[in-house]
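Trainee: The structure is given below, and queries will be raised subsequently.
The values are calculated or read from the model by the stated rules, or taken from the named source; none is laboratory data. Note that this is a predicted model, so its numbers are computed, not measured. With ideal geometry, Cβ positions are generated from the backbone for all residues, glycine too; neighbour counts draw on all protein chains shown. Accessible surface is based on the protein model in full, side chains and every heavy atom, while ligands, DNA and RNA are left aside. Shrake-Rupley method; radii C 1.70, N 1.55, O 1.52, S 1.80 Å.
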Amino acid sequence: MAPSRKFFGTDGVRGEYGGAVMNDEFAWRLGAAAGRFVIESGGTKGGLVVIGRDTRASGAALERAIAGGLASAGLKPETGGVVPTPAVSLAVRKSGAVLGVVITASHNPAADNGIKFFGSRGSKLSDEQEARIEELLPASAGSAWTGPLVERDLRGPYTELATRLLGPQSLPGWKIVLDAANGAGAVTSRTVLAALGADLTLIGDRPDGHNINAGVGSQHPEALGQAVRNAGARLGVAHDGDADRCVLCDETGDPLDGDEILVILALEALARNQLANQELVVTVQSNLGVDAAIRAAGGKVVRTPVGDRYVSERMQADNAVLGGESSGHVVCADISPTGDGLVAALKVIAAMRRSNRPLSELRRSLKKFPQETSALRVREKIPLEKLVVLPAEIQSVQTELGDRGRVLVRYSGTEPVLRLLVEGESNDVVGRMMGRLVAAAGRELRVEQ
């Protein structure tokens with residue numbers, strides 16, 4: 001059982017900037033608590049902390065606030081400015097930093113922001129570590145960092161590493177559409193793909209502090225698909241705000257989700273005898289078709305709770321090299337212990353080159369079970385175990401589906417949302433079962449329309 005946490009969700013602390021949690025005062029307190037945690041865990045005074053952020057207007061103020069808190073605990077904060085989340089993970093591993101901090105709300109709207117931490121090995125902190133940081137929160141905040149922070153180049157080493165995956169000028173004649181979500185990957189992904197020689201069409205590449213994820217990026221692949229068709233491109237690549245997600249469009253403009261990407265990469269690795277333990281790690285959210293595709297190729301699938309850090313933790317425990325989420329977080333452990341949208345895209349491009357097959361063909365390896373999802377905004381996240389009607393309906397639906405489908409009901413870790421998923425043998429069955437679950441939730445929870 002994961003320890004109870006008040007502020008941390010599935011991917012750090014997140015909320016509307018200026019609200020009860022995500023504000024400068026709380027950021028200072030969180031920085032101070034994280035610093036105290038590092039020191040009590042054996043870190044030394046003066047230890048380096050690298051900070052990165054996405055393009056939100058609130059990022060700079062939060063950066064100064066959290067830097068002040070870290071400094072109050074005796075640590076030395078330095079900033080890489082606007083960089084993707086995986087660039088911070090890389091910097092922690094390469095610099096010997098005691099902590100990494102990313103200020104981002106990922107795929108959330110520009111009004112939100114968030115804070116997540118990386119430990120000294122470049123991996124996200126565990127539930128237990130986050131719970132301990134909450135215990136160490138000071139009662140009040142001190143002064144934010146004044147003056148400029150010491151700058152550290154996080155962008156250069158990251159783009160150099162990514163470019164080496166395929167080699168400079170390895171993609172001449174490749175038309176690729178890049179949608180950077182007006183976020184942290186706007187410069188880095190463009191730089192790498194240009195260095196590889198790709199013929200680029202860019203969208204979501206002009207961040208202004210307020211347009212991150214606004215109708216673009218991994219949550220809105222429609223614009224990407226249309227741009228791919230207009231340009232006659234081989235594929236389209238979309239990130240979220242901090243560029244740790246990858247959503248692709250094939251040459252017809254149809255989107256691929258994380259499950260399809262993971263199956264392409266897993267089958268490629270199995271064929272080359274490069275999938276350690278023949279194991280792919282996914283979350284409970286992934287489609288059952290993933291299991292069928294990987295088993296047919298001689299591999300196995302292991303599932304974790306939702307969240308790429310849980311995927312990463314299981315991968316490390318099993319010495320697995322590939323895992324991820326249907327949302328587009330793909331963890332390639334030979335490169336990084338955290339999700340990396342650019343690396344995932346480059347790995348798929350490598351598979352396309354080796355097979356000499358278009359993405360529309362490679363994706364056919366995954367035959368998805370019919371699936372329907374629903375996200376219900378609720379006034380209060382009453383623990384499911386304290387409910388009566390909804391759990392009974394979940395059990396009834398799962399019994400009827402048997403081994404021909406499944407049900408997944410959980411609260412979002414970052415929003416006041418109840419997420420429901422149903423998979424089954426036909427769209428009709430799935431639709432009927434989802435209707436029953438939504439109705440049961442509405443009878444027992446205060447659902448916002």
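Trainee: Measure of size requested: the Rg and Dmax of segment 153-222, with Cα atoms as the atom set and Å as the unit; please supply both.
Mentor: 12.6, 35
Trainee: Moving on. State to the nearest 20 debye the size of the charge dipole of segment 368-449 about its Cα centre, where the only charges are +1 on K and R beta carbons and -1 on D and E beta carbons. Display every interim value, and only then the final one.
Mentor: Details: 13 positive and 12 negative charges, 50 e Å.
Here segment 368-449 has a charge dipole of around 240 debye.
Trainee: How do the peptides 315-328, 371-384 rank, highest first, by the average count of neighbouring beta carbon atoms within 10 Å per residue? Don't jump to the answer; show the numbers that get you there.
Mentor: On the way: 315-328: 21.6, 371-384: 13.8.
Most protected by this proxy first, the peptides run 315-328, 371-384.
Trainee: Still on this model: Between 218, 123, 95, which gets the highest mean-square fluctuation from a Gaussian network model of the chain, Cα cutoff 10 Å?
Mentor: 95
Trainee: Express the Stokes-Einstein translational diffusion coefficient of the chain in µm² s⁻¹, to the nearest whole number, given a Kirkwood radius over alpha-carbon pairs, 10 °C and a viscosity of 1.306 mPa s. Mind showing how you got there, number by number?
Mentor: On the way: Rh = 22.4 Å.
Rounded to a whole number, D works out at 71 µm²/s.
Trainee: Grab the Cα-Cα distance for residue 226 and residue 355, subtract it from 0.36 nm times how many residues apart they are, and report the gain in nm with one decimal.
Mentor: Numbers: separation 129, 0.36 × 129 = 46.44 nm, distance 2.56 nm.
That works out to 43.9 nm of additional length.
Trainee: Oh, and also: Please calculate how many Å² of accessible area segment 303-449 carries per residue, with a 1.4 Å probe and no DNA, RNA or ligand atoms counted.
Mentor: Per-residue value: 46 Å².
Trainee: Follow-up question, since we're still on this one. Go through segment 76-88 residue by residue and turn each phi into a ³J(HN,Hα) via Karplus (6.51, -1.76, 1.60, θ = phi - 60°); whole Hz please, and just put x for glycine and proline.
Mentor: 10, x, 9, 10, x, x, 7, 8, x, 3, x, 5, 5
Trainee: What net charge do the residues around residue 125 carry, taking every other residue with its C-beta under 12 Å from that of residue 125, with Lys and Arg at +1 and Asp and Glu at -1? Could you put the intermediate results ahead of the total?
Mentor: Working: positive: 5, 116, 121, 124, 132, 309; negative: 11, 127, 128, 130, 134, 313.
Summing Lys and Arg as +1 and Asp and Glu as -1 gives 0.
Trainee: Let me know the shape class of segment 307-449, please: from the alpha-carbon gyration tensor, a ≥ b ≥ c as square roots of the eigenvalues, rounded when a/c is under 1.5, otherwise prolate if a/b is greater than b/c, or oblate. Numbers along the way, then the final one.
Mentor: Details: a/c = 2.48, a/b = 1.70, b/c = 1.46.
Judged from the Cα gyration tensor, segment 307-449 comes out prolate (a/c at least 1.5, a/b above b/c).
Trainee: Per residue, what volume in Å³ does the Cα convex hull of segment 93-162 take up? If you can, show how the numbers build up before the last one.
Mentor: On the way: hull volume 11.5 nm³, N = 70.
Taking only Cα atoms, segment 93-162 has a hull volume of 164 Å³ per residue.
Trainee: In Å and on Cα atoms, what radius of gyration and Dmax does segment 1-72 show?
Mentor: In Å, with Rg to one decimal and Dmax whole: 12.9, 37.
Trainee: Where nothing but the Cβ of Lys and Arg (+1) and of Asp and Glu (-1) is charged, how large is the charge dipole of segment 210-346 around its Cα centre, in debye to the nearest 20?
Mentor: Numbers: 9 positive and 19 negative charges, 45 e Å.
So the magnitude is around 220 debye.
Trainee: What percentage of the solvent-accessible surface of segment 1-151, computed with a 1.4 Å probe over protein heavy atoms, is contributed by carbon and sulfur atoms? Walk me through the numbers before you get to the answer.
Mentor: Numbers: 2770 of 5600 Å².
Carbon plus sulfur share of accessible area: 49 percent.
Trainee: Please work out the FRET efficiency for the pair residue 425 and residue 140, using the Cβ-Cβ distance as r and a Förster radius of 56 Å; give the result to the nearest 0.05. Intermediate values should be presented prior to the final figure.
Mentor: Numbers: r = 57 Å, r/R0 = 1.02.
It comes to 0.45.
Trainee: Then there's this: Please report, in Å, the Rg and the Dmax of segment 91-225, where both are computed over Cα atoms only.
Mentor: 18.1, 58
Trainee: How large, in Å, is segment 166-267 by the Kirkwood hydrodynamic radius built from its alpha-carbon pairs? Please report the intermediate quantities before stating the final value.
Mentor: Values: mean 1/r = 0.0749 Å⁻¹.
Averaging 1/r across every pair of different Cα atoms and inverting gives 13.4 Å.
Trainee: Could you report the accessible area of residue 220 in Å², rounded to 10, computed with a 1.4 Å probe on the protein chains as they sit in the structure?
Mentor: So the heavy atoms of residue 220 present about 60 Å² to solvent.
Trainee: I've got another one for you. Would you kindly calculate the mean projected area, averaged across all directions, of the convex hull enclosing the Cα atoms of segment 182-222, in square nanometres? Walk me through the numbers before you get to the answer.
Mentor: Working: hull surface 12.0 nm².
That works out to 3.0 nm², a quarter of the Cα hull's surface.
Trainee: Each residue of segment 262-272 in order: what ³J(HN,Hα) in whole Hz does its phi give by Karplus 6.51 cos²θ - 1.76 cosθ + 1.60, θ = phi - 60°, with x for Gly and Pro?
Mentor: Values, residue by residue: 5, 5, 4, 5, 5, 5, 4, 5, 5, 5, 9 Hz.
Trainee: Just read off the accessible area of residue 264 with the full protein assembly in place, 1.4 Å probe, to the nearest 10 Å².
Mentor: So the heavy atoms of residue 264 present about 10 Å² to solvent.
Trainee: Is segment 404-449 rounded, prolate or oblate when judged by the Cα gyration tensor, a ≥ b ≥ c being the square roots of its eigenvalues, rounded requiring a/c under 1.5 and prolate requiring a/b larger than b/c?
Mentor: Details: a/c = 2.89, a/b = 1.61, b/c = 1.80.
Cα axes put segment 404-449 in the oblate bin.
Trainee: With Cβ to Cβ distances under 12 Å as the rule, what net charge do the other residues near residue 110 carry (K, R +1; D, E -1)?
Mentor: Working: positive: 56; negative: 16, 54, 112, 208.
Surrounding charge for residue 110 is -3.
Trainee: Right, next: Just how large is the dipole of segment 28-137 about the Cα centre, in debye to the nearest 20, putting +1 at every Lys and Arg Cβ and -1 at every Asp and Glu Cβ? Don't jump to the answer; show the numbers that get you there.
Mentor: Details: 13 positive and 10 negative charges, 74 e Å.
Roughly 360 debye, rounded to the nearest 20.
Trainee: Given H placed 1.01 Å from N in the peptide plane, which residues other than close sequence neighbours of residue 256 have an amide H under 5 Å from its amide H?
Mentor: 248, 249, 250
Trainee: Points 7 angstrom from Cα along the Cβ direction at residue 396 and residue 274: gap in nanometres?
Mentor: The modelled label-to-label distance comes out at 5.1 nm.
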